[in-house]
Amino acid sequence: MNMMMGTMPVSVYATLSNVTNEEVDDGFTSIFTFANGVTFTVEVGTSNFVNLPRWYILGLNGTAVIEDWAINGKIVVAASDEKHDAVPIVTAAGLTKTMAPRTKETIREYPLPRIDSDIHDYYRNIAAVVNGEAEPIVTHDQQRELMRLMEAIFESAEKNQVVYF
């Protein structure tokens, strides 16, 4: 969280799920709230019967989505500040623009930027740190923050309440 937002959240609310084994949680949903009002919802599940996006980010003027582990996706942003109009749709309750798609002239679509990375770099760094050849790319302070976050998720789920940091 700190790497994405530059700070840790001020609170978390979480639920855990046990689909395949009652003794071990195998999924969770957590809502993290930051001091500036930004919220992150993180959901991990092992029993989805439909493909969900791997990641998606909703913003005031756009959305980014990563569809799968192959990093297929896109970024869609508002084309202008004035035109955010949606195509009305017919629902059982009547004509509405709520949850309706944006018109093509009001949005712009961009490909996701590709960032070359290698998961093995993390483990190479650990070996280099042990050998006294490098500084850790993940610090002890970052690991402690992550542990505090994980403990808060468990506490929130156990108490069924928001946990404040």
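The values are calculated or read from the model by the stated rules, or taken from the named source; none is laboratory data. Quick caveat: nothing in here was measured; it's all calculated off a predicted structure. Quick reminder, even Gly has a Cβ in these numbers, built from the backbone with ideal geometry, and neighbours come from all protein chains shown.
At a glance:
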{"read-out": "Residue selected from segment 131-145 under the condition free of Cβ contacts under 8 Å to residues at least 40 places away in the same chain and surrounded by 10 or more Cβ atoms within 10 Å (Cβ to Cβ), by the criterion farthest from Asp25 (Cα to Cα)", "value": "Ala134"}
{"read-out": "For Lys74: the one exception among (1) touching a residue at least 24 places away in the same chain (Cβ under 8 Å); (2) within 26 Å of Gln161 (Cα to Cα)", "value": "(2)"}
{"read-out": "Residue that is surrounded by the most Cβ atoms within 10 Å (Cβ to Cβ) [pool: residues in segment 29-38 that are among the polar types (S, T, N, Q) and over 10 Å from Val10 (Cα atoms)]", "value": "Ser30"}
{"read-out": "Top-ranked residue of segment 1-32 - restricted to ones that are among the polar types (S, T, N, Q) and touching a residue at least 60 places away in the same chain (Cβ under 8 Å), ranked as farthest from Lys159 (Cα to Cα)", "value": "Asn2"}
{"read-out": "Residue list for segment 67-90, restricted to those being at pLDDT 85 or above and not aliphatic (A, V, I, L, M)", "value": "Glu67, Asp68, Trp69, Asn72, Gly73, Lys74"}
{"read-out": "Residues satisfying the stated conditions in segment 1-58, i.e. more than 22 Å from Asp141 (Cα to Cα), modelled with pLDDT of 90 or more and not in a strand (DSSP E or B)", "value": "Asn36, Gly37, Val38, Pro53, Arg54"}
{"read-out": "Number of positions in segment 110-128 that are part of a strand (DSSP E or B) and surrounded by 10 or more Cβ atoms within 10 Å (Cβ to Cβ)", "value": "1"}
{"read-out": "Residue ID - surrounded by the fewest Cβ atoms within 10 Å (Cβ to Cβ), chosen from residues in segment 44-58 that are of a type in the set (Val, Ile, Thr) and more than 18 Å from Ile31 (Cβ to Cβ)", "value": "Val50"}
{"read-out": "Count of residues meeting criterion [in contact with a Ser or Thr (Cβ under 7 Å, 6 or more places away or on another chain), among the hydroxyl-bearing types (Ser, Thr, Tyr) and within 24 Å of Met8 (Cα to Cα)] in segment 42-81", "value": "1"}
{"read-out": "Residue among Thr98, Thr63, Thr91, Thr103 that alone is farther than 26 Å from Ile153 by Cβ and surrounded by 12 or more Cβ atoms within 10 Å (Cβ to Cβ)", "value": "Thr103"}
